[in-house]
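First up is the structure itself, then whatever we jot down about it.
The values are calculated or read from the model by the stated rules, or taken from the named source; none is laboratory data. Everything quoted here is computed from the prediction, not taken from an experiment. Cβ placement follows ideal geometry from the backbone for every residue including glycine, while neighbour counts extend to all protein chains displayed. With ligands, DNA and RNA removed, areas are computed over all heavy atoms of the protein, side chains included. Shrake-Rupley method; radii C 1.70, N 1.55, O 1.52, S 1.80 Å.
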Amino acid sequence: MQASLHDELIACCSWLKIIKTPLDIRIELFCFTTVSSVMKFWVKFGTLIVVALSCILSFLFHILSTNIDAILWLDLFIDSYSNESQFNQHHNHFLQGNYAPVDVEHNNLELIPLTGQIPSDISGVFLRIGPNPIQKHIGNKKLHRFDGHGMIHSIRIRKKDGTEGAGNITYSNQYIQTPRYLIEKQHNQNIFLNEGEKKGIVGIFKLLVLLPLKLKFFGLSEVTSGPANMNIVVLGSRIYACHEGSLPYALHWNENNTFDSVGYELSQTTRSSTATSPSTLSLPITSHPKVDIKTQTMYFTGFTNDYFNRGPDRPSALYGSAYGTHSLQMIDHTEVTLPSQPWIHDMLITEHYVLLFCGSIVTNSNTNPASTGSAAGSGGRESGIPIGSLFTFDTQVKFEIGVATKDDADFIVGESGRPHIQSEETDDATLSKSLQWFRGLNSAAIMHAANAWEETNAQNHTILILWAPICEDPDFDGTFLKKPNSFHMSRVALNLQTGQMRKGTLGTEYNVDYPMVHPAYQGYRSKYIFASILDTEAKEPIGIIKYNVFDKIIANTIYFSRGIFSGEMVPLPKHPNAKNEDKNDNHDNNGVNIDSDGSDALYLISFFFNSGSNTSEWHIYDGESMTSSPLATFQIPVRVPYGFHGEWIKDEVLQSIINDF
């Protein structure tokens, strides 16, 4: 009966001309769902009354969509009667201490030297992004750690003119002026929906009614209204700020260490298409696209929980590729149906393949009926909105990896000569276009991945080797507050001919995250992988760990002094004169580390917070020697809040970005 009601609703509302965009359709469907649920016991009144009342409500919503003051008043009115303490200003851990946002933007503040000196082969800019809510806009709004406008904190290192060694080193910070940021600044309040608000019946109403009305009024879409606050990717002459729920946001860097906010991209005409109209992605891409350094091609993935536009049994994802010297343009992309509805955050590439992760960490909402009845799904997830934390670990969802060829043109063909999926536990094949799924025996998930590459075994089979911290903890805490989440460095081997997946863990004594590899080795064999060590109490890293993955051993560890916490450690490749980076030569120029393949020829850099003095610092460590003391430390004159991911841009590349605009 509900399907027929839906059809009649669409037909009845069409004459009112209020169904024009997917956002309108979402509002209509919300009205239909609400009325039909309330009146389902009035069956004797029939379909027409249900449809008529739905149309009346839809018409009222259409009128409301032209009055932003009424929409915002309704939003604030709801907030005044909502007091979920987990995410509000007075109880939110991620609005306190060094998580608290900063109010002032600075430009070229001189850093204060503390110890050591900057190596002479370092010049360029270090960028670190993170959410920074505008303090006076928070009010009664509920904020998750992922909420807040994107702010870039930078360290610029310039060489001395005509001399060896580093010159001045300065700090700057600046908001990314996304449409979301500009609109909220203009109205002097938090307008758009936060992740922390997606909770309970109030969250349902805000997501399905208020958010579409706001987007419609301001002329935005779900993929152009994000905060651009999670990761930084460099491709061509553009710097891109990435966020889980939107398209990449382009930035242009200036000589004075400011940047211009250019706008959302990936909506240009495709290179492979003969169409004259732009090809626009309808799904957002995740925060961790990967760039093939040899071809300068960016590979991306994305996913959606869109129940209303796609249906509850069609959790969807996309993967694709893009290029761009001056702007980001799609080469191609493919949308696929997922075996479950995971939280997809990262991906990996090899020389010829793209790897997608479908794990057991899911958005805490039951948009996929397959997960009902599970341990995680039994806690009130039928609404499609988080009842508790934003993410949860669903033990009924098994760990799977999808593999596609980079050219995205053909299926991966196994020994049978047809596309297939196989696993250790079953030979049943379930085909998803252009993907070969490898299914594990256990529940597990990858949040951040380190590296992957291709090998050939004795049977001449192609084996994909993947290294990443993997979580198998059924008590995973999606709030990132109640307990430490257990991620252990693991190796996964995928046999493309047999469809088998093998997984092993490189020790469980270290809880690690933010894995990294030498940028020149991304997608290729690398002997060394680095990661941050997390503590049972600290929410941020307390040390660095170096893995020798060829020999499957822990090569070294560094622990910071008590009360010192870092952000993500970002790899800064050493100059070839400082270390031979020839991957086929195990000798370096200085006769040091003779067994290295060059993948540890790195400096490791990050912002640090000294909780004892309540000050922020910037440190440089040596990835080769892993000496416990940093090569250099500097105090920053202002506090730098914790954030997410970063990027190093060497001076030659930076100058080309500055000049090529």
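Tabulated data for the structure shown
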quantity: Condition met for residue 176 (farther than 30 Å from residue 575 by Cβ, aliphatic (A, V, I, L, M) and touching a residue at least 60 places away in the same chain (Cβ under 8 Å)); calculated: yes
quantity: Pair list, Cβ under 6 Å, 6 or more apart: segment 644-661 residue farther than 27 Å from residue 345 by Cα, other residue outside any strand (DSSP E or B) and of a type outside the set (A, V, I, L, M); calculated: 651/123; 657/237; 658/255; 660/237
quantity: Scan of segment 345-370 for residues that are farther than 19 Å from residue 286 by Cβ and either modelled with pLDDT of 80 or more or under 23 Å from the mean Cα position of the chain (by Cα) (or both), ordered by number; calculated: 351, 352, 366
quantity: Odd one out for residue 555, checked against (1) under 28 Å from residue 295 (Cα atoms); (2) open to solvent by 10 Å² or more (accessible area, probe 1.4 Å); (3) not in a loop (DSSP other than H, G, I, E, B); calculated: (1)
quantity: Residue identified as in contact with a strand residue (DSSP E or B) (Cβ under 8 Å, 6 or more places away or on another chain), open to solvent by less than 10 Å² (accessible area, probe 1.4 Å) and more than 21 Å from residue 128 (Cβ to Cβ) among 247, 251; calculated: 247
quantity: First in segment 185-205 and within 16 Å of residue 138 (Cα to Cα) and in contact (Cβ under 8 Å) with a residue 60 or more places away in the chain, second anywhere and of a type in the set (Gly, Ala, Ser) and buried (at least 18 other Cβ atoms within 10 Å of the Cβ), Cβ under 6 Å, 6 or more apart; calculated: 197/203
quantity: Condition broken by residue 190, with the remaining ones in (1) open to solvent by 30 Å² or more (accessible area, probe 1.4 Å); (2) under 28 Å from residue 154 (Cβ atoms) satisfied; calculated: (1)
quantity: Entirely in segment 419-512, the strands (runs of 3 or more DSSP E) that have 2 or more residues that are modelled with pLDDT of 90 or more and open to solvent by 30 Å² or more (accessible area, probe 1.4 Å); calculated: 451-456, 487-495, 501-505
quantity: Matching residues in segment 102-152 - criterion: being closer than 21 Å to residue 247 by Cα, of a type in the set (Phe, Trp, Tyr) and in a strand (DSSP E or B); calculated: none
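Here is a yes/no grid of residues against (1) modelled with pLDDT of 95 or more; (2) closer than 19 Å to residue 104 by Cα; (3) open to solvent by 10 Å² or more (accessible area, probe 1.4 Å); (4) not acidic (Asp, Glu):
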| site | (1), (2), (3), (4) |
| --- | --- |
| 611 | no, no, yes, yes |
| 616 | yes, yes, no, yes |
| 631 | yes, no, yes, yes |
| 638 | yes, yes, yes, yes |
| 641 | yes, yes, no, yes |
| 661 | no, no, yes, yes |
